[in-house]
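The values are calculated or read from the model by the stated rules, or taken from the named source; none is laboratory data. Predicted, not measured: the structure shown is a model, and the values here were computed from it. Cβ atoms come from the backbone with ideal geometry, glycine included; neighbour counts cover every protein chain shown. Accessible surface areas use protein heavy atoms only, side chains included; no ligands, DNA or RNA. Shrake-Rupley method; radii C 1.70, N 1.55, O 1.52, S 1.80 Å.
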Amino acid sequence: MTKLQLALDADLPSALRILSDAHAHIDIAEIGTPLVFREGMRALRRIREAFPQLTLMADLKIMDAGRAEADIAFSAGADLVTVMAAAADATIAGALESARSHEKRVMVDMMQIAHPRARALELVELGCDLLCLHTAHDQQASQASPFAQLADLRGALPAAGLAIAGGVKLADLDRILPLRPQVIIVGSAITGAADPQASAEQFFQRIREYGHTGTD
């Protein structure tokens, strides 16, 4: 079943307020990189305290010191942490070692990878849990969400855990869901909506309805 991940990139009060309304309609709450920059691991600890049953991801975008930095996030309450696909294999392996020791998981961010399929094959060999096709924030105005790349990876790696992120809108689900990603990451389409709770519910219900058709 595809899961809905909500990216929380503003400040901590806003994140807590949105989660208070929308947590029942999401599967994973992402402590986004801007929120980490603003609040550090305090944000992760505070959200974990407020929502003890919710799956949390720390979007640290690790590029070095993989085990040490992943340890920080997992010790603060994260269930998943992100490491960049462009990082050295040793860094990614370190993050995976941390995840295994904490019984947690690693999502690899494929942003700015020139040859996603080739790198994805290497990452699967390393044992990475999820691979995220991610359109960078600064490119979203000029570059569509990477549906073609997601389709290519799904064809090459039919059993791999895949995710998609970067400017995902409700209308995009018709193109995304047939590719069977394990995680769809949504940010401003929910957090910037006039009614974030209603928007989260729309995404959540659309994903669940598709899953129940038997076509995923």
Six or more apart or on different chains, Cβ under 9 Å: which pairs go from a residue in the range 86-97 that's farther than 7 Å from Gly66 by Cβ to one that's of a type in the set (Phe, Trp, Tyr)? Could you list them?
none
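What strands (runs of 3 or more DSSP E) completely inside the range 96-204 contain at least 1 residues that are open to solvent by 80 Å² or more (accessible area, probe 1.4 Å)?
105-109
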Taking the residues in the range 9-24 that are part of a helix (DSSP H, G or I), open to solvent by 30 Å² or more (accessible area, probe 1.4 Å) and among the hydrophobic types (A, V, I, L, M, F, W, C) as candidates, determine which candidate is nearest to Ala198 (Cα to Cα).
Ala24
The correct count of residues that are of a type outside the set (S, T, N, Q) and within 15 Å of Ala99 (Cα to Cα) in the range 34-83 is 24
On the given criteria, is Ser101 of a type in the set (S, T, N, Q) and more than 30 Å from Ala118 (Cβ to Cβ)?
no
Name the residue that is most open to solvent (accessible area, probe 1.4 Å), counting only residues in the range 25-84 that are of a type in the set (Asp, Glu) and outside any helix (DSSP H, G or I).
Asp64
